[in-house]
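To keep things clear, I will list the structure first and then write my remarks on it.
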Amino acid sequence: MDMMTTTTSAKVAVDPIVLQIVEGTLNSIEAEIEYAIERTARSPMIREAHDYRVGLFDRRCRKLTGRSYSAMPNAVVRDFPPETMRPGDVFLMNDTYLTEGSIGHLPDLCSTVPVFHDGEVVAFIQAFGHHDDIGGRVPGSMPGTATSVFEEGLAVPPIKFYDQGVRNEAAFTIIKRNTRVPEMLAADLDSEMQACLMGARRMAELFERFGRETVEACFQAILDKCRDIFADELLPKIADGEYAWEDFVEHDGLTDPKLHKLALKMIKRGRKITLDFTGTDPQSAGPINWPADYADGAFLIKWIAPILRNLADTPERAAEIDVNEGVCEVFDVIFPPKGTLITPEWPAPTNARSFVLLRCLGLLAGTVAQAVDGRIPADQETIRYTGFFGIGRDGTPFLSREVLGGGSGGRWYADGNDAIHIVPDSRNQPAEFTETRFPLLVEKLALRVDSGGAGYRRGGLGYEKHYRALVDCRTIVTADRVRLGCYGVNGGAAGQPFCVTVDAEGEARALGGLVDGEPVKAGQVVRVVTTGGGGWGDPLLREPELVARDVTEGRVSPDAARHDYGVVLTIGTDGVAIPDTNATAALRDEIRLRRAAPLSMIDRGPGFQAILRGEGKPWIRTS
């Protein structure tokens with residue numbers, strides 16, 4: 001059977017105990033590879049921030065595990081037929097247009113290792129990490145004003161990096177020559193490749209133990225289980241019909257301010273959903289494009305399908321549902337013609353593709369919200385990269401990169417989570433790490449008060465982090481949701497957007513979301529505040545006791561308690577807030593009378609109307 005086919009093979013009876021062992025072993029292999037990378041990698045982005053992913057695939061390039069998202073081996077198989085592969089081979093790639101939708105921007109170098117049994121390829125192990133620098137115009141390889149991929153760094157189409165255990169030294173030399181951190185990049189690649197080779201040995205042991213027929217039958221059963229859970233358990237929550245919505249990226253580094261539209265029509269029929277992105281805006285001149293229209297949209301499907309887990313009967317059940325290649329049988333994708341934000345043509349720049357990639361999550365969630373009367377979480381935090389570069393006090397260059405999280409959206413059953421990250425298992429850099437490696441002081445790391453959108457269930461809070469520069473240097477920023485907050489759902493309010501200011505102790509100047517190298521003087525403070533999640537439900541229905549608790553804990557200010565939630569508080573000398581029941585009821589009645597219209601299903605926040613009016617400045621809440 002062709003390696004690339006997604007046709008299911010004939011059913012083979014599977015012993016349920018063996019199936020459990022195989023499934024558990026796959027999860028263990030994936031976790032072991034990730035732990036090995038974390039312990040042996042060198043760069044802060046991978047070792048500390050955990051911005052890397054591992055994937056296990058069958059010989060048909062179908063993802064088997066649901067523990068994390070990953071790239072795909074399709075492009076490797078396209079260029080190197082499996083019958084030509086040998087034990088010890090390792091393949092490397094990062095080209096955003098030649099990796100079948102696996103890689104979105106050039107810092108994500110991806111290693112692929114084939115697994116052998118009886119001399120034949122039976123599976124693939126893969127790892128990709130966000131490397132600190134792969135060349136290009138700006139340190140960090142993410143120029144916010146790039147107009148082509150040629151400014152973004154070294155592009156590597158699928159190549160054989162190890163041939164039967166022997167490294168291609170010429171290719172290795174070229175890659176190291178094109179990065180500003182050659183020792184760090186070399187160590188990270190060694191870490192990822194050796195971890196994948198270790199994983200391949202573990203996978204081969206599984207085939208040796210149970211035999212190829214049994215293991216592949218288990219693989220199929222694992223994929224079928226995912227498909228059936230989505231088709232039989234989650235999709236019935238959505239009535240058959242057509243639903244549409246649109247969301248926006250609000251800047252691209254070159255044409256601020258402008259709404260770049262992503263359009264989606266969702267067609268639900270029985271056990272199938274069709275996602276039609278026709279109507280999406282043309283590709284941007286700036287680097288926010290994302291090439292998603294490869295491999296029948298397999299990466300896109302696996303990326304956004306987890307949104308539907310929110311339709312499970314309970315949160316506990318939702319947490320049990322993994323997403324693997326089986327979910328691709330539930331979705332069809334209709335892409336617009338080439339030349340849009342999600343179907344860009346080479347050499348359109350893509351380094352800030354996370355803007356569009358993450359909006360696709362919110363796009364599906366907003367569409368589903370229309371279909372299920374708002375029983376879907378509000379919009380969540382977004383990925384943003386911040387950092388500094390320059391010459392340290394010892395006279396050597398330095399590059400500090402960090403990915404900061406934010407708040408998740410409120411849900412019908414609970415508030416959003418504070419200071420999380422959409423990338424599983426990722427984390428911010430510890431202050432001690434930053435201060436020992438770079439000429440920076442972390443003077444504050446806290447939750448950002450009032451950043452979560454008001455709602456019956458409040459949005460989670462974002463970060464507030466202050467860095468004091470110890471030398472003259474430059475700061476770099478790649479961030480979405482600078483003007484548009486994460487939207488609220490079912491009457492909930494949008495959360496506060498992202499913002500970076502320089503010199504928080506003086507007359508602070510706000511930076512945009514795509515900054516290639518803003519000067520920072522020694523002694524100045526860079527203040528980073530990240531997005532809060534959207535709120536869910538009418539804020540006037542939130543229990544006054546919960547609002548009082550939020551004020552006592554410093555999550556909500558007394559002013560916001562009054563203006564957003566209609567709660568009148570008495571704050572004792574011990575700092576504990578107590579709601580005034582009668583005054584609160586009267587104030588809430590007054591606020592309801594002042595409302596000009598019913599609360600909307602989706603609240604985009606004041607930044608949306610500001611952009612429509614042509615106002616370019618980011619929205620920053622001052623109260």
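Checked against the criterion of being open to solvent by 10 Å² or more (accessible area, probe 1.4 Å), acidic (Asp, Glu), under 17 Å from Gly253 (Cβ atoms) and in contact (Cβ under 8 Å) with a residue 60 or more places away in the chain, region 474-494 has no qualifying residue. Kindly indicate whether Ala419 is on the phi > 0 side of the Ramachandran plot and either under 16 Å from the mean Cα position of the chain (by Cα) or of a type outside the set (Gly, Ala, Ser) (or both). Yes; evaluated as a whole, the condition is true for this residue. The number of residues in region 559-577 being surrounded by 15 or more Cβ atoms within 10 Å (Cβ to Cβ) and either in contact with a strand residue (DSSP E or B) (Cβ under 8 Å, 6 or more places away or on another chain) or part of a loop (DSSP other than H, G, I, E, B) (or both) comes to 9. Scanning region 498-514 for residues that are within 23 Å of Val138 (Cβ to Cβ) and either open to solvent by less than 20 Å² (accessible area, probe 1.4 Å) or assigned to a loop (DSSP other than H, G, I, E, B) (or both) turns up Phe498, Cys499, Val500, Thr501, Val502, Asp503, Leu511, Gly512, Gly513. Residues in region 12-39 that are within 12 Å of Arg202 (Cβ to Cβ), among the aliphatic types (A, V, I, L, M) and within 21 Å of the chain's Cα centre (by Cα): Ala31, Ile33. For region 322-330, check the following and say yes or no: at least one residue is in contact with a Phe, Trp or Tyr (Cβ under 6 Å, 6 or more places away or on another chain), over 24 Å from Gly532 (Cα atoms) and assigned to a loop (DSSP other than H, G, I, E, B). Yes, region 322-330 contains at least one residue that is in contact with a Phe, Trp or Tyr (Cβ under 6 Å, 6 or more places away or on another chain), over 24 Å from Gly532 (Cα atoms) and assigned to a loop (DSSP other than H, G, I, E, B).
Of the residues Ala318, Ala352, the single one that is out of contact with any Cys (no Cβ under 7 Å at 6 or more places or on another chain), modelled with pLDDT under 95 and not in a helix (DSSP H, G or I) is Ala352. Say whether the condition of being open to solvent by 30 Å² or more (accessible area, probe 1.4 Å), in a strand (DSSP E or B) and either without any contact (Cβ under 8 Å) to a residue 40 or more places away in the chain or of a type outside the set (Phe, Trp, Tyr) (or both) is met by at least one residue in region 179-195. No, there is no match, as no residue in region 179-195 is open to solvent by 30 Å² or more (accessible area, probe 1.4 Å), in a strand (DSSP E or B) and either without any contact (Cβ under 8 Å) to a residue 40 or more places away in the chain or of a type outside the set (Phe, Trp, Tyr) (or both).
Scanning region 312-339 for residues being under 21 Å from the mean Cα position of the chain (by Cα) and β-branched (Val, Ile, Thr) gives a total of 4. Please tell me if Ile125 is free of Cβ contacts under 8 Å to residues at least 60 places away in the same chain and open to solvent by less than 10 Å² (accessible area, probe 1.4 Å). Against the criterion (free of Cβ contacts under 8 Å to residues at least 60 places away in the same chain and open to solvent by less than 10 Å² (accessible area, probe 1.4 Å)), Ile125 does not qualify. Here is the figure for region 589-615: residues that are assigned to a loop (DSSP other than H, G, I, E, B) and of a type in the set (Lys, Arg) total 3.
Only residues that are among the charged types (D, E, K, R) and closer than 17 Å to Met198 by Cβ: list them for region 68-102, please.
Just the residues of region 68-102 that are among the charged types (D, E, K, R), to begin with: 78-79, 83, 86, 89, 95, 100.
Listed by number, the list holds a single entry, Asp89.
Among the residues of region 441-472, just one is open to solvent by less than 10 Å² (accessible area, probe 1.4 Å) and more than 28 Å from Gly485 (Cβ to Cβ), namely Ala469.
The values are calculated or read from the model by the stated rules, or taken from the named source; none is laboratory data. Only a predicted model underlies this, so the values are computations on that prediction, with no experimental measurement involved. For neighbour counting, all protein chains shown are included, and Cβ atoms are generated from backbone atoms with ideal geometry for every residue, glycine included. Keep in mind that these areas ignore ligands, DNA and RNA; they rest on the heavy atoms of the full protein, side chains included. Shrake-Rupley method; radii C 1.70, N 1.55, O 1.52, S 1.80 Å.
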